[in-house]
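A quick write-up on the structure given underneath.
Since every read-out is calculated from the coordinates, none of them should be taken as a lab result. Computed from a predicted model, the values in this text were never measured in an experiment. Every residue, glycine as well, gets a Cβ built from its backbone with ideal geometry; the counts of neighbours run over all protein chains shown.
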Amino acid sequence: MEIILARAAGYCFGVKRAIQVAEAAARETGSQIYTYGPLIHNRQAVAKLEEQGIKVIENLDSAAGEVVIIRSHGVGPEILNKAEELKIKLVDATCPFVKKAQEIARSLQADGYTVIVVGEAEHPEVKGIIGWTEGKGIVVQQPEDLQLIKPGKKIGVLAQTTQPLARLQAVVKELLTFGREVRVFNTICHATEERQQAARELASQVEVMLVVGGAHSANTQKLAAICRESGATTYAIETAAEIQTDWFKGVDKVGITAGASTPDWIIEEVVKKMTDIRQNEQTEQNPQDMEQL
Ligand code: F3S
């Protein structure tokens, strides 16, 4: 049985970086530190960070005077100001791509543009970006949402970093009918698309796909849906412990992919378990090889 790992799987650059920053800050501080919201949507990874003294808080008030990590999603200026008031030492792990989107939004707002952000209004990254427009930016998800807005003479558009390009394109197409100046910034990061494309390619070459990631991770579930659509029998698992040997009876090729919030060590455990299953399979098929050992 061949076991193939997708060419792009697991943590994106920004999340990996945020975790490294948090771990370094915990080592340096030598005592409890905090992250403003979970660094990552993965139970096992959050538990591991807690063991290192990195605890999640949802409210800055509970960490007055302490060290707080800003996660890869970033925050708006109101959070930075509040942290200063509370004498919190901030360690900024905002993904550089998100920072760039924040800076574009801030400067468009300062230059008198109506700022439109294509994305999910309730997502922390989008809330942060809107914060940099003095709360005046408008979030839209689809062209129809534009019917309700009354933009000024100049419009600036950007997107939440994980949005599909087609969604930004659809909104921009509609905005061009407004007859105003429209400036477009493609702030979409390629990590999501790259993982989806790699999963699609791999799923079309194998019989069984394992998709590793949190049961509540939207991007992991999306990867599982893509793999199913590509024709592979797909199992979405959180950890190696859920793997069942009989899934692979008579299977020649197994693919493995993982959501952007799945830590490397969980992926490694899955690969290890699959290698063990393959080993046992070979032993069962050729018991004389083992006897000779
Ligand atoms: Fe990740 Fe940063 Fe892209 S957090 S998805 S690398 S914008």
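Where Rh is the Kirkwood radius over the Cα pairs of the stretch 97-184, the temperature 10 °C and the viscosity 1.306 mPa s, what D in µm²/s does Stokes-Einstein return? Show your work: numbers first, answer last.
Details: Rh = 12.6 Å.
Here the translational diffusion coefficient equals 126 µm²/s.
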Simple label model, 7 Å out from Cα along Cβ direction - ARG228 to GLU28, nm: 4.5
Kirkwood hydrodynamic radius (C-alpha pairs) into Stokes-Einstein, the chain, 25 °C and 0.890 mPa s, D in µm²/s: 116
Please work out the Cα convex hull volume for the stretch 1-122 and give it in Å³ per residue. 152
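Going by average Cβ neighbours within 10 Å, how do the peptides 14-20, 162-168 rank, with the highest at the top? Intermediate results must be reported in sequence, preceding the final value.
On the way: 14-20: 20.0, 162-168: 16.4.
Top of the packing list down: 14-20, 162-168.
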Once both labels are modelled 7 Å past Cα along the beta-carbon direction, what's the PHE178-HIS216 spacing in nm? 3.6
Evaluate the relative contact order of the chain (contact order divided by residue number), counting alpha-carbon pairs under 8 angstrom at least 6 apart; express in whole percent. 20
Surrounding charge for LYS272, neighbours by C-beta under 13 angstrom, Lys/Arg +1, Asp/Glu -1, total -2
Per-residue [θ]222 nm for the chain (sum of -39500 (n - 2.57) over DSSP H runs n ≥ 4, rounded to 500): -13000 deg cm²/dmol
Surface/4 of the Cα convex hull for the stretch 3-45, nm²: 4.3
From the C-alpha gyration tensor of the stretch 181-222, square roots of 5λ in Å: 29, 15, 6
